[in-house]
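The values are calculated or read from the model by the stated rules, or taken from the named source; none is laboratory data. Every value quoted in this text rests on a predicted model; they were computed, and no experiment measured them. With ideal geometry, Cβ positions are generated from the backbone for all residues, glycine too; neighbour counts draw on all protein chains shown.
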Amino acid sequence: MILLKRRNFLSGAAAIGAGLMTGGMPRFANAQSSEITVTAFGGVWEEAVRTCFVAPFEAKSKAKANVSLGGPPQWLAQVEANPAKPPLDVLIMTPDLALTAAKADLVDDFTVANLPNLAKIPQQLTDSIMGKGTLFDYGVGGITFHKERVKSPPKSFAEFVDRVAAGEFVASLPSISYAVTPIMLIWAMAKALGGGVDNVDPFFKAMEKMKDNLVFWAGPNDFFNHLSSGEAELGIYFDGRTWNHYDSGATWIDFINPTEGGSLNGVAVQKPKNANPLAWVYINEVLDAANQTKFAEIMNYGVTNTDVVYSEKLKPRVTPWEKTAFPPYEQIALVRNEWVDRWNREIGR
């Protein structure tokens, strides 16, 4: 269980707004506390959040941001349990759960009035979660391969399927136990092969063709182990994790965004209703171009502020979101369980 630091609700804290909100940020005369609680995944994510977002927020606001580690289902449940006084002021969410929070009216609308940096985020990324949050970071689910064993990698999902089915390669694919599999594999491959949300038959036919030459990974490290051990030569994986392995010494690894476009798997930021208004100041830092640039360098993932300029190292690694396949998250959520049931019946791994 994650123990959240208790927020200290201060009476008469109206003066916070006058002194803290500089640089074009709105003033919040009724700010409740000089502390907020924000969220982060563990590991390098926590490091990046503290360095890129918490530090500039605390320096500018003179307020404190406590970091709660965990995951979106846990954080959403905490807000649902106490919407009048949410224990979290800023949420990091997967798009499907961000939509759940939006539809349940648990989170506030995002506007340029509250978030000046929102003007630099493409509107489609905000609209994708009903304007009640926006995407600030994303990964692309594409083809990762061992370049010493795969001299001529497939450039598309269609070519990937044909060559794996022919026995040229053993491929490592995410199993259905991995949370993003319905988006990064089922939907993305179905769409690439002529289907989509309403027709995933092309995906399941492709899996039937490839079944003798597949292994499955339940966690990202499993995939890396498959490639490093020779159990598989290539597979479907994320760009950022690929480059993290490369930077850690696995210089034999490489990544291709399929010609049909790998799935965009975004990370959203949201503010619960009734949360401390200082959350807006923090979120504005999350959307800041300079802060996102630092975050991208640490994480090896794309970010969404249009003013971000990637370094020479990062530029060839990041796929522009416009060149990805943008998932219809809301529609996928409606049929996700059907896909999982069908996977269990037909694939079972």
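General observations
- Residue in the stretch 136-145 that is farther than 22 Å from ALA192 by Cβ and assigned to a loop (DSSP other than H, G, I, E, B) present: no
- When ALA158, ALA113 are screened for being among the small types (Gly, Ala, Ser) and part of a helix (DSSP H, G or I), only ALA158 passes.
- In the stretch 56-78, the residues that are among the polar types (S, T, N, Q) form Cβ pairs under 6 Å with partners that are modelled with pLDDT under 95, at six or more places apart or across chains, as follows: SER61/LEU20; ASN66/LYS5; SER68/ILE2; SER68/LEU4.
- For the stretch 145-152, the criterion of being surrounded by fewer than 16 Cβ atoms within 10 Å (Cβ to Cβ), out of contact with any strand residue (DSSP E or B) (no Cβ under 7 Å at 6 or more places or on another chain) and under 23 Å from ALA290 (Cα atoms) is met by none of the residues.
- Residue match in the stretch 176-193 (condition: modelled with pLDDT of 95 or more, in contact with an Asp or Glu (Cβ under 9 Å, 6 or more places away or on another chain), assigned to a loop (DSSP other than H, G, I, E, B) and closer than 27 Å to GLU330 by Cβ): yes
- Pairs meeting the criteria (first residue in the stretch 289-318 and in contact (Cβ under 8 Å) with a residue 60 or more places away in the chain and over 18 Å from VAL267 (Cβ atoms), second residue in a helix (DSSP H, G or I) and among the acidic types (Asp, Glu), beta carbons under 6 Å, at least 6 apart or on different chains) are lacking.
- Taking the stretch 199-288 as the region of interest, the helices (runs of 4 or more DSSP H) fully inside it that hold 1 or more residues being of a type in the set (Val, Ile, Thr) are 239-247, 278-286.
- Which numbered condition VAL67 misses (of (1) within 16 Å of the chain's Cα centre (by Cα); (2) within 21 Å of ASN274 (Cβ to Cβ); (3) outside any helix (DSSP H, G or I); (4) not aromatic (Phe, Trp, Tyr)): (1)
- Taking the criterion of being buried (at least 21 other Cβ atoms within 10 Å of the Cβ) and either without any contact (Cβ under 8 Å) to a residue 12 or more places away in the chain or hydrophobic (A, V, I, L, M, F, W, C) (or both), the residues of the stretch 211-255 that qualify are TRP217, PHE223, PHE224, LEU227, ALA232, LEU234, ILE236, PHE238, TRP243, ILE253, PHE255.
- Residues in the stretch 319-341 that are under 17 Å from the mean Cα position of the chain (by Cα) and either polar (S, T, N, Q) or at pLDDT 90 or above (or both): THR319, PRO320, TRP321, GLU322, LYS323, THR324, ALA325, PHE326, PRO327, PRO328, ILE332.
- Among the residues of the stretch 295-318, those that are within 14 Å of TRP243 (Cβ to Cβ), part of a loop (DSSP other than H, G, I, E, B) and under 20 Å from the mean Cα position of the chain (by Cα) comprise ASN300, TYR301, TYR310, LEU314, LYS315, PRO316, ARG317, VAL318.
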